[in-house]
Every structure is written in C-alpha cells, then in structure tokens.
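All remarks here apply to the structure that follows.
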Amino acid sequence: MIPIDKFTIQEHEGKYEGRPLKSLLFFNGEELNLKVSGYVIEKQFELPNYFLLLINWDCPFEEGCEVVVLNKKLEIVGNHSFTPFYNSFLLSSINELSLNQYKLVFNESDCFELVINYPKKSLFGKVVSVNKLAV
C-alpha cells in the first residue's frame, strides 16, 4: 500500500448547497472523464492491481466518505459510500491488515473492515465489501 498524490479532484466554488453531487477526477493533471462523489481526496494509495481513493464531502457535522477503486486502466471498478445520515464519517485512519484488507477508523472510534476483491475472483462477487468491527 503506497501513498500517492497522483489524483486530484475538481474544485467547486460557491456555497456548499449549490455544488454538484459529483466531481471530475484527474490523474497527473489530466482529466479522466470520470466523475466521483465528494469534493476532497482524503487519502490515495497505489496497490499492485488497483488504486484506492478515500474521498470526503467536506461538510462539517455531516461528513461522508466515498471509497473508490480504480483499475490500472483508470476505470472505476468498485465503490462504497459511507453516508452521513444520523452519523458523521470523518476518516481518522486507515491501516492495512493483510493483502487487500484494511481497517478504516472514523471519528476515532467507529471501525470498519474494508476488503477489496480485485481482480474479482468470481463474476458475481463484489469488488468492495465493508463490515463493521466491534470496538
């Protein structure tokens, strides 16, 4: 899991309420013609088979987090949305537990296991799986 800074995201001006729900994604300054949910790339990593992005909504007290997985051809192959309804998902940390398995901590206390199944081992399998961990 190598931290990188190759991806950037479209900046939006004006009030939060007037922003679009999706933002353009860039790789090394070049537009990818892909839109992702969120406004700020919190963390980004390169792995042998994919890129992993954690994007937040930049909304105080209702912070959401989008997990986006892109293949090496820079195509979105999976995602998961931590939506802020009745909760806030402000990313505190991410740790690699094993190959393609991560621990995400939000708000210093909410823990989740994130498993990336890419390349997929079965046609109908999910690329991104998330399970809440007991504290």
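Computed values, structure above
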read-out	value
Residue in the stretch 122-135 that is surrounded by 13 or more Cβ atoms within 10 Å (Cβ to Cβ), among the polar types (S, T, N, Q) and in a loop (DSSP other than H, G, I, E, B) present	no
Count of the stretch 52-70 residues which are over 8 Å from the mean Cα position of the chain (by Cα), open to solvent by 10 Å² or more (accessible area, probe 1.4 Å) and more than 19 Å from Glu13 (Cα to Cα)	2
Close pairs from the stretch 31-49: first on the phi < 0 side of the Ramachandran plot and assigned to a strand (DSSP E or B), partner open to solvent by less than 50 Å² (accessible area, probe 1.4 Å) and among the aromatic types (Phe, Trp, Tyr), Cβ under 6 Å, at least 6 apart	Ile41/Phe7; Gln44/Phe7
Of all residues in the stretch 8-40 being closer than 15 Å to Phe89 by Cβ and of a type outside the set (Gly, Ala, Ser), the one that is least open to solvent (accessible area, probe 1.4 Å)	Tyr39
Filter result for Val77 (β-branched (Val, Ile, Thr), open to solvent by 20 Å² or more (accessible area, probe 1.4 Å) and under 20 Å from Met1 (Cβ atoms))	yes
Qualifying residues in the stretch 97-107 (those that are closer than 18 Å to Leu52 by Cα and not in a strand (DSSP E or B)) - the one most open to solvent (accessible area, probe 1.4 Å)	Leu99
Qualifying position, being more than 21 Å from Tyr118 (Cβ to Cβ) and in a strand (DSSP E or B), among Ser88, Ser23	Ser23
Output for the stretch 108-119, where each listed residue is part of a loop (DSSP other than H, G, I, E, B) and either within 18 Å of Ser98 (Cβ to Cβ) or open to solvent by less than 40 Å² (accessible area, probe 1.4 Å) (or both)	Asn117, Tyr118, Pro119
Residue within the stretch 60-74 that is touching a residue at least 12 places away in the same chain (Cβ under 8 Å), part of a loop (DSSP other than H, G, I, E, B) and touching a Lys or Arg at 6+ places or on another chain (Cβ under 8 Å) present	no
The stretch 82-132, residues that are more than 17 Å from the chain's Cα centre (by Cα) and at positive phi	Tyr86, Glu108
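The values are calculated or read from the model by the stated rules, or taken from the named source; none is laboratory data. Keep in mind that what you see is a predicted model, and the values were worked out from it rather than measured. Glycine also receives a Cβ, built like all others from the backbone with ideal geometry; neighbour counts cover every protein chain displayed. Ligands, DNA and RNA are stripped out before the accessible areas are found, and what is left, the full protein with its side chains, is counted by its heavy atoms. Shrake-Rupley method; radii C 1.70, N 1.55, O 1.52, S 1.80 Å.
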